[in-house]
Number of protein chains: 2
Amino acid sequence: MCDEVTEQKVDITTSVMSKNDRFAEDNRELLSGKGIYTLNLISSPGAGKTTVLESMARFFGPRMAVIEGDIQTRRDAERIEKAGCQAWQIETGGACHLDAHAVNHALGHMNLDPDALELLAIENVGNLICPSGYDLGEDMRIGLLSVPEGDDKILKYPSLFSSINVLVINKMDLIPHLDFDVDRAIEECRSLNPDVLVFTVSAKTGEGMEEFCDFVESSFSTTA
Amino acid sequence: MCDEVTEQKVDITTSVMSKNDRFAEDNRELLSGKGIYTLNLISSPGAGKTTVLESMARFFGPRMAVIEGDIQTRRDAERIEKAGCQAWQIETGGACHLDAHAVNHALGHMNLDPDALELLAIENVGNLICPSGYDLGEDMRIGLLSVPEGDDKILKYPSLFSSINVLVINKMDLIPHLDFDVDRAIEECRSLNPDVLVFTVSAKTGEGMEEFCDFVESSFSTTA
């Protein structure tokens, strides 16, 4: 019985993924056509994605727009708007990840004026597992790990941490109160993903955020 | 096209869930037949499930056994064994939650001697979303929220927090360093789930853990 169900699941997964990949390609064409560089931010709940994006919103201002993914509530989009950026909230209503179709739909509602906009950041649903399988059409995938989660999480969630371009270790202000070995986390991430770039930041205090934003800016300036 | 895929997904989900429910009932019969009380612990990655279980292992000793669910690595089972309890690791190999079939398989490998064992704790995969839909055959479902994740997470993940019997707020030792309103978290949880019981603990310092363990013990003593 179980094998039958598994087999059916694989078929559906394949169908869903090829559909997702088509929408991801549509998103990529639309955004790159307008010269908009796109980030996909993935982390656990509470690792600080929205606080990182608020800090980025203050750096980039109206040059950046944000798509917020949450199971429920519009709280995060309201925080980003207050920080000075256009934001669109996707409430997934139970789904554990964003997919490229949901992003495509959001893009249809946003003002993607290429004269004003250079950067789109997509905050995925808080989840270290399911979002890693879904290309949203991004140029850069960023994994955020926060110090209180522990330095053992990289090898526990290899599908995400092997698929990212950039690892951001957040909440560095809490390092004095916790046992978190930054070198161990970086080493374990590089064991899965030798080319990963790493930034250590505290979005709350601002530590490391300017360097990170400079890096993001240089990425889209180089691409443009 | 999308509606078609959604429709197929619903059919498969129904089939998977009825299969899961059958295994959950088998687990419940097997465990209650032996007088073993079962907990299902669900939280984000890094909220401190394993540290809570280490503390419980020191309290209950060999009266407790633990099933550890992780995508990958046997690290958590090794920690529990060191703390003095039997532990069985399920490596889900990518799956974002435990299901009752995986637990049933684990039970077949464990020593479930009813003269020695009174309590089984199942540590689910670190994920606030997908595990909430899967009954494992537990008597009590515990949601763990850690202070660094933020007090806004309850309403963002309502499917979990409306389904739990007990909310444990962990990492209370970090309260002085963070903006976390305990009253707000409890109030928002009770708005979804009026009967939820709440404990505030620090598994790291031990604060509140004896009271929590006494409560767990009284739950299975009352049931037996």
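A short reminder: the numbers here are calculations on the coordinates, not readings from a lab. Note that this is a predicted model, so its numbers are computed, not measured. Cβ atoms come from the backbone with ideal geometry, glycine included; neighbour counts cover every protein chain shown.
Per residue of A:117-126, other chain Cβ atoms within 10 Å of the residue Cβ number 1 on average.
Per residue of A:141-151, what is the mean number of Cβ atoms on other protein chains within 10 angstrom of that residue's Cβ? Don't jump to the answer; show the numbers that get you there.
Details: counts 0, 0, 0, 0, 2, 4, 2, 11, 9, 6, 1.
Average neighbour count from other chains, rounded to a whole number: 3.
GNM on chain A, alpha-carbon springs under 10 angstrom: the most fluctuating residue among A:Leu119, A:Leu155, A:Leu144 is A:Leu155.
Amide H contacts of B:Leu120: B:Tyr37, B:Thr38, B:Leu39, B:Ala65, each under 5 Å away and 5 or more positions distant or on a separate chain (H built 1.01 Å from N in the peptide plane; Pro and chain starts excluded). Note that the range B:175-187 has calculated 3J(HN,Hα) couplings of 3, x, 9, 9, 8, 10, 9, 4, 4, 4, 4, 5, 4 Hz, one per residue in order, obtained from phi through the Karplus relation 6.51 cos²θ - 1.76 cosθ + 1.60 (θ = phi - 60°); glycine and proline are x. In a reduced charge model with +1 at each Lys and Arg Cβ and -1 at each Asp and Glu Cβ, the protein assembly as shown shows a dipole moment near 180 debye about its Cα centre. For the range A:195-202, the Karplus equation 6.51 cos²θ - 1.76 cosθ + 1.60, evaluated at θ = phi - 60°, returns couplings of 9, 5, 9, 10, 10, 10, 9, 10 Hz by residue, with Gly and Pro reported as x. Per residue of chain A, the DSSP helices (runs of n ≥ 4 H) give a summed -39500 (n - 2.57) that works out to -13000 deg cm²/dmol at 222 nm. When peptides B:164-172, A:108-116, A:207-215, B:196-204 are ranked by their average number of other Cβ atoms within 10 Å per residue, the highest-first order is B:164-172, B:196-204, A:207-215, A:108-116. The alpha carbon centroids of the range B:47-68 and the range B:71-122 are separated by 11 Å. Note on the range B:19-218: Lys pairs 8 or more places apart or on different chains, Cα atoms under 23 Å apart, count 11. Across the range B:19-218 the C-alpha pair distances fall into 5 Å bins from zero in the proportions 1, 8, 17, 21, 22, 17, 10, 4, 1, 0 percent.
Any idea what diffusion coefficient the protein assembly as shown gets from Stokes-Einstein, in µm²/s, Kirkwood Rh on alpha carbon pairs, 37 °C, 0.692 mPa s? The Stokes-Einstein estimate is 145 µm²/s. Per-residue Karplus couplings for the range B:44-56, computed as 6.51 cos²θ - 1.76 cosθ + 1.60 with θ equal to phi - 60°, are listed in order as 5, x, x, 7, x, 4, 5, 5, 4, 5, 4, 5, 5 Hz, Gly and Pro entered as x. Between copies, the label points at A:Gly206 (set 7 angstrom from Cα along Cα-to-Cβ) are spaced 4.2 nm, reported in nanometres from shortest to longest.
Inter-chain Cβ neighbour count for A:59-71, averaged per residue, equals 1 (cutoff 10 Å, partner chain atoms only).
Taking amide H positions as modeled 1.01 Å from N, with prolines and chain starts lacking one, the residues under 5 Å from A:Gln89 and 5 or more places away or on another chain are A:Glu68. Each copy carries a label point for A:Arg74 at 7 Å from Cα along the beta-carbon vector; from one copy to the others these points are 5.1 nm apart, nearest first.
Which whole number in µm²/s is D for the range A:164-224 by Stokes-Einstein, with the Kirkwood Rh taken over Cα pairs at 25 °C and 0.890 mPa s?
Numbers: Rh = 12.7 Å.
In µm²/s, the coefficient is 193.
Shortest first and in nm with one decimal, please list how far the A:Arg63 label point sits from its counterparts in the other copies (point 7 Å along Cα→Cβ). Ordered by distance, the counterparts are at 6.3 nm.
Label separation (A:Ser221 vs B:Met17): 5.2 nm, computed from points 7 Å beyond Cα along the C-beta direction. In angstrom, the C-alpha Rg and Dmax of the range B:86-135 are 12.0, 36.
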